[in-house]
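In what follows, a single structure is set out as structure tokens and then discussed.
The values are calculated or read from the model by the stated rules, or taken from the named source; none is laboratory data. Owing to the predicted nature of the structure, the values given are computational and were not obtained by experimental measurement. In this analysis, Cβ positions are derived from the backbone assuming ideal geometry, glycine residues included, and neighbour counts consider all displayed protein chains. Keep in mind that these areas ignore ligands, DNA and RNA; they rest on the heavy atoms of the full protein, side chains included. Shrake-Rupley method; radii C 1.70, N 1.55, O 1.52, S 1.80 Å.
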Amino acid sequence: MHPRVLEVTERLISRSRATREAYLALIRGAASDGPQRARLQCANFAHGVAACGTEDKNNLRMMNAANVAIVSSYNDMLSAHQPYEHYPEQLKHALREIGSVGQFAGGVPAMCDGVTQGEPGMELGIASREVIAMSTAVALSHNMFDAAIMLGICDKIVPGLMMGALRFGHLPTIFVPGGPMVSGISNKEKADVRQRYAEGKASREELLETEMKSYHSPGTCTFYGTANTNQLLMEVMGLHLPGASFVNPNTPLRDALTREAAHQITRLTKQSGNFMPLGEIVDERSLVNSIVALHATGGSTNHTLHMPAIAMAAGIQLTWQDMADLSEVVPTLSHVYPNGKADINHFQAAGGMSFLIRELLEAGLLHENVNTVAGHGLSRYIQEPFLENGELVWREGPIESLDENILRPVARAFSPEGGLRVMEGNLGRGVMKVSAVAPEHQIVEAPAVVFQDQQDLADAFKAGLLEKDFVAVMRFQGPRSNGMPELHKMTPFLGVLQDRGFKVALVTDGRMSGASGKIPAAIHVCPEAFVGGALARVLDGDIIRVDGVEGTLQLMVDADEFAAREPAKGLLDNGIGCGRELFGFMRMAFSSAEQGASAFTSALETLK
């Protein structure tokens, strides 16, 4: 093992010892020797099986079957989740094949960030993760189940499902993906048309036609944003079947993997004699593995929020510093848009997960000695699934990349370090995704132009007020202010200005997510402006240095002068309309970005 990986893992174990032991005691106490439904009173049990068919009813009554909860985020609004419409019946049928039972335990909400970008609904994003966690807990609360299957893919959905499921960590749990849509037009072509539209050089009709050729069918969006990062991390944590993440929807192999997931989860139950609950899979080693894979692929910056929140749900105290220390030694092995021109289907064709995991294991950057849903040891995940005469089999994956423009071995990495930088200075602490930013753009020192709304920046651009070097300060976008929406509406404008030769950067207490692109952006800055963070006292014209090489975020203003300034006020209409007022109580409970921007942090800290 690489010494830095061991060091961070040991640090994580030591720091989390009390909370992790309390968590394990909690889930081990919740586990029972036999099916939990056997302990229910007769009326409770009868309610739980009343709608079941005769065969399922008899199996559950005799306690000789595993009862598997199905929790789904299906809806037609998300292309990635639309294929889940038929999964419950497929899973139930697969479970009956082996004498077990599946019950649809509950649905969870799933908003599409792509639809809500730049709209008021985007401010419900982080809150939706907490609602999903709570909905998952409600679904699993009936004590009828021996295991669980989670159906979720996109941005806040997988983290929310994970956070909820981990509170029922005594249940064996498997995540079943749906796969990416087949490739449409290239992501670069899409981005180029967006920039031309921002400049007034492309019509709305041309832009709409381009967007619809990019997002064109069922399946996950093909760029390497939060949704596909979720899938990659679930697999490297051992919560998918090997090679399951990036198989396209509605294909025979996808269906075979879904069927096998139903079979496999029953093999992990108490009845099988090979009990492996979720809380024993998600530990310090698997979390370190997930961060290593995040860095090696230049994954979504959203996971600097999600992974600490997921870790805390398992009693583990993961910090940005842990993540940054790993980033220093993990090489970048893949270039997938926005870090490159390829999409996730090209990544899969070049060698995909099996090649990536093989390389990282051989370099001593991943813990092999971990529990997974496929058995003990991560080396099982260097295999790929195939159909042979209609039967699902696994073979050894490629030992060489089939396209080193997309996926490389450690020996010829794109970069000797990962894609994440912790940014720190007198403006606070934040993160930058440097893997998508060209080296010549990673340092910007320029006057601040302060905004409190994305539309203000768009209007300033259209008025010709931004034809200069500047650092855009977009504040009052943090978790407690307005729910921490993603801020991609201004990305094309900043991209145009950079292409025109201006030095531009972004500093914000909001999010940019997995689509963070070529603009140097110090994001998730905390303390946020709403709670008195330094961003609230920045003025137009203040010189700011954003240094993605050294990881510094510095305001070049006399400290006494800066301290004497009155902080600005947030937007007066913040949190009203589009249902946002229903989440006011949750926003006030959100922790800082570094603590996961979670409403549950204080509750989970009671484990200490």
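Odds and ends about this structure:
- Residue count for the stretch 189-201 satisfying the condition of being open to solvent by 60 Å² or more (accessible area, probe 1.4 Å), within 13 Å of V496 (Cα to Cα) and part of a helix (DSSP H, G or I): 4.
- Considering E130, E123, E97, the condition of being open to solvent by 40 Å² or more (accessible area, probe 1.4 Å) and assigned by the TED database to the domain that holds A43 is satisfied by E97 alone.
- Residue match in the stretch 522-529 (condition: within 21 Å of L427 (Cα to Cα), part of a helix (DSSP H, G or I) and either of a type in the set (G, A, S) or under 23 Å from the mean Cα position of the chain (by Cα) (or both)): yes
- Figure legend. Inter-residue proximity from the stretch 114-125: first residues on the phi < 0 side of the Ramachandran plot, second residues part of a helix (DSSP H, G or I) and of a type in the set (S, T, Y), beta-carbon distance below 8 Å, spacing 6+ or different chains. Indicated pairs: M122/T116; L124/T116; G125/T116.
- If you go through the stretch 202-235 and keep only what is open to solvent by less than 30 Å² (accessible area, probe 1.4 Å), part of a loop (DSSP other than H, G, I, E, B) and farther than 24 Å from L257 by Cα, you end up with just A202.
- Helices (runs of 4 or more DSSP H) (entirely within the stretch 1-49) containing at least 2 residues that are more than 26 Å from the chain's Cα centre (by Cα): 17-30, 42-49
- Filter result (in a helix (DSSP H, G or I), within 22 Å of D542 (Cβ to Cβ) and open to solvent by 10 Å² or more (accessible area, probe 1.4 Å)) within the stretch 485-521: F493, Q498
- The residues of the stretch 152-172 that are charged (D, E, K, R) and under 20 Å from S245 (Cα atoms), listed by number, are D155, K156.
- Unique match (being open to solvent by 30 Å² or more (accessible area, probe 1.4 Å) and either more than 30 Å from D155 (Cα to Cα) or assigned by the TED database to the domain that holds P159 (or both)) among N44, N67: N44
- Lone unmet requirement of (1) touching a strand residue (DSSP E or B) at 6+ places or on another chain (Cβ under 6 Å); (2) at pLDDT 95 or above; (3) open to solvent by less than 50 Å² (accessible area, probe 1.4 Å); (4) within 30 Å of A597 (Cβ to Cβ) for L378: (1)
- Restricting attention to the stretch 72-87 and to residues that are in contact (Cβ under 8 Å) with a residue 40 or more places away in the chain and in contact with a Phe, Trp or Tyr (Cβ under 8 Å, 6 or more places away or on another chain), the residue that is surrounded by the fewest Cβ atoms within 10 Å (Cβ to Cβ) turns out to be Q82.
- Criterion: under 23 Å from A127 (Cα atoms) and of a type in the set (D, E, K, R) - qualifying residue of D509, D499, D560, D540: D509
- 1 or more residues surrounded by 24 or more Cβ atoms within 10 Å (Cβ to Cβ) and not hydrophobic (A, V, I, L, M, F, W, C): qualifying strands (runs of 3 or more DSSP E) within the stretch 397-484: 420-425, 428-433
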